[in-house]
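Data block below; observations after.
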Amino acid sequence: MRSIALIAGALPFCGTSCVRMPPVPVVPAWNERTGVPVSIEEDERKLWEEAKRRRAEIEKNGMIVADEALTRYLNGVLATLMAEPLSEQAPVPGVHVLRSPQRNAYAAPDGGILVSTGMLAAIQNEAQLAALLGHELGHFIARHGLMRQRFEKLSGSSVERMQLSRDNEAYCDRFALEVMRRAGYDPREIVLLNLQLTEPDDAGWAGGWTVLRSHPFTAERIRALQEPIGHAREDDVRTERERYNEAIAPLLPVAAEVE
């Protein structure tokens, strides 16, 4: 807690005299219909190259699970969430399984989505998987990696950067809810997924310091989703538990070995 106090002491707590947060760079999403081709600039191309380089390095080190059937299944679920066509300039998104006990997932600017073995082992059904992939797909389609990099050139404030990160996370939660509902999945499963992602330090942060977090508190995320979820009828939605369990069954020994 001492380190938190030291950081807090350095924060610029001030009133209306503070400099306002710089505007977030406008980055058209890959699914926007503007009629104008998306401009791919050098800074974004470098992000793609770096993402490919890192993924190749991870794969070379044996950290990527090479299971064609599982990869095909994961990309099939991803495809059901992509009802809207993307810009012709957009990279093609794809899912890769990372050997890691941590429960996490990550979307790179070039469309590569990494999902850990620990996360796949914790997920209970395909609807939760759709919520997870939908969230990461939202980061990719909205080009949040490029947005974040350009914003960092405008702001040297960690507080402002964390605010942008939390805003982007909230956007992706809403995006995931929308695409999984459109694909016929039970929207209530996104809440159960968030419970799987509860961070162990949530309780320790409850006294404050939201400004220093890159992600909203789990409880905040769930509250924000409850109203748009509404009351889904069980006969109108699907979870596909059996299909999910069958698809990841070969992965479970790998996940246990990684643990």
How much net charge surrounds Ala121 when only other residues with a Cβ under 10 Å from its Cβ are counted (Lys, Arg +1; Asp, Glu -1)? 0
Could you list which residues have their amide H under 5 Å from that of Tyr185, counting only those 5 or more apart in sequence or on another chain, with H placed in the peptide plane? Arg238
Semi-axes, largest first, in whole Å: what does sqrt of 5 times each Cα gyration tensor eigenvalue give for the range 60-170? 26, 17, 14
Computed lengthening from Glu257 to Asp167, 0.36 nm per intervening residue step minus Cα-Cα distance: 28.8 nm
Sorted by packing (mean other beta-carbon atoms within 10 Å per residue), highest first, where do 167-176, 81-90 land? 167-176, 81-90
Compute from the Cα atoms of the range 42-87 the Rg and the Dmax, the latter being the longest Cα-Cα distance, and quote both in angstrom. 14.1, 36
Between Glu178 and Glu88, what is the label-to-label distance in nm when each label sits 7 Å out along the Cα-to-Cβ direction? 2.5 nm
Virtual spin-label span in nm between Lys153 and Glu49, 7 Å along Cα→Cβ: 1.6 nm
Counting only protein heavy atoms and a 1.4 Å probe, tell me what percentage of the range 25-182's accessible area is made up of carbon and sulfur. 51 percent
Which whole-Hz couplings ³J(HN,Hα) result when phi for each residue of the range 185-192 is put into the Karplus expression 6.51 cos²θ - 1.76 cosθ + 1.60, θ = phi - 60°, listed in order with x for Gly and Pro? 7, 5, x, 5, 5, 5, 5, 5
Within the range 133-167, list the residues whose amide N lies under 17 Å from a label point set 7 Å along Cα→Cβ of Ala224. 133-145, 148, 159-167
Over the range 96-142, what is the relative contact order in whole percent, taking alpha-carbon pairs under 8 Å and six or more residues apart? 38 percent
Between Glu42 and Asn104, what is the spin-label point distance in nm, taking each point 7 Å from the Cα along the Cα→C-beta axis? 3.1 nm
What base-10 log of the normalised intensity I(q)/I(0) is obtained for the range 30-122 from the Debye formula, alpha carbons as equal point scatterers, at q = 0.13, 0.19, 0.20, 0.21 Å⁻¹? -0.51, -0.99, -1.06, -1.13
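The values are calculated or read from the model by the stated rules, or taken from the named source; none is laboratory data. Because the structure is predicted, anything quoted here is derived from the model rather than measured. Glycine gets a Cβ as well: all are built from the backbone with ideal geometry, and neighbour counts include every protein chain shown. Remember, those area values only see protein heavy atoms, side chains included, never the ligands or the DNA or RNA. Shrake-Rupley method; radii C 1.70, N 1.55, O 1.52, S 1.80 Å.
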